[in-house]
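*Asks:* Would you mind keeping the following structure in view while I ask a few things?
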Amino acid sequence: MAGAENVVGSRSQANRELRRFLLGLGRGAAGAMLFGIPMLMTMEFWALGFSMDRWRLLLMLLANIPMLILLADLIGFEHTTTWQQALRDATIAYGLGIAISGAILVMLGIIKADMSLSEILGKTAIQAIPASIGAMLGRSQLGGQDDDEEKDGEDGGAVPDHLSTHYVQELFLMAVGALFLNLNVAPTEEVILISYKMTPWHALAAILASIAIMHAFVYAVAFKGTHAIPEGIPWWHAFLRFTLPGYVIAMGISIYVLWTFGRLDDMAFTQMLMSAIVLSFPGSIGAASARLIL
């Protein structure tokens, strides 16, 4: 009898795990569509898939792999305990991003049968990057009752203090948030146009506003997930430890994305810096938001 009960219990556990995985898969597909649609319907992104340097596109595709693995380890389709499971989730997210991006581009008539293989692959590949991130974020953002129960079971319903989160993980999540929002904005011509219209005073105001908004999002405004500064710790501790490094990360991500898309080619250094400051404004908001929602 005991052996039969163990078999039934094992099957029940396996069924629950399979159900959670399938739910995560569905949420991942929904996340890929939800977070990827703005870029899937952006003309500049279609053009970049055809025109951008293939080695820069390849570099971004390769860089996306370790980022997805690390993200999977934090918020994968299941609660991962090994790097093999995180790699599996990252592979699934990338596959969902590729499949959904290709299907939607075909449905919208952006990819056609008479196009060259290089153009089809380029348009699908560049769209698969934000879609794969969206697929991974789908579990975090579209989670339901099962996820809440899992969290309660793991920590007894207590909300962990933000200081218990590993510092490097916080910085990584800020980088993901900055990258995702930058991908929405960087392909547009408006970023370059705004950078040409800005004066140094405008640039300084944009930097200060970006930093102030980042700090307010996480520590001052009462959003869900807002972090409270523990008593006895001065406000500038969090500012120096998280907000300023977060802005530096957003700036670095902005420069990388602009370079990848060829927006910095043949530009003077001052104009490159202006363009990076412009893109760092949405990037910093994305970085701050990631700390709240992931």
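*Asks:* Could you rank the peptides 15-24, 29-38, 65-74, 185-194 by their average count of other C-beta atoms within 10 Å per residue, with the highest value first?
*Replies:* 29-38, 65-74, 185-194, 15-24
*Asks:* Could you rank His237, His202 by how accessible they are, 1.4 Å probe, largest area first?
*Replies:* From most accessible down to least: His202, His237.
*Asks:* Computed FRET efficiency, Cβ-Cβ of Leu240 and Gln169, R0 22 Å: what is it to the nearest 0.05?
*Replies:* Efficiency for this residue pair is about 0.75.
*Asks:* Dipole of segment 165-294 (Lys/Arg Cβ +1, Asp/Glu Cβ -1, origin at the Cα centre): which of Leu208, Ser275, Met251 lies farthest to the positive side?
*Replies:* Leu208
*Asks:* Here's a follow-up. Between Met41 and Glu17, how many nm apart are label points set 7 Å from Cα along the C-beta direction?
*Replies:* Each label point lies 7 Å from its Cα, and together they span 4.0 nm.
*Asks:* Need one number: nm distance between label points at Thr91 and Val248, each 7 Å from Cα along Cα→Cβ, rounded to one decimal.
*Replies:* 3.7
*Asks:* Based only on Cα atoms, what mean projected area does the convex hull of segment 165-294 have, in nm²?
*Replies:* Computed as one quarter of the Cα hull surface, the answer is 8.0 nm².
The values are calculated or read from the model by the stated rules, or taken from the named source; none is laboratory data. Quick caveat: nothing in here was measured; it's all calculated off a predicted structure. Cβ atoms come from the backbone with ideal geometry, glycine included; neighbour counts cover every protein chain shown. Accessible surface is based on the protein model in full, side chains and every heavy atom, while ligands, DNA and RNA are left aside. Shrake-Rupley method; radii C 1.70, N 1.55, O 1.52, S 1.80 Å.
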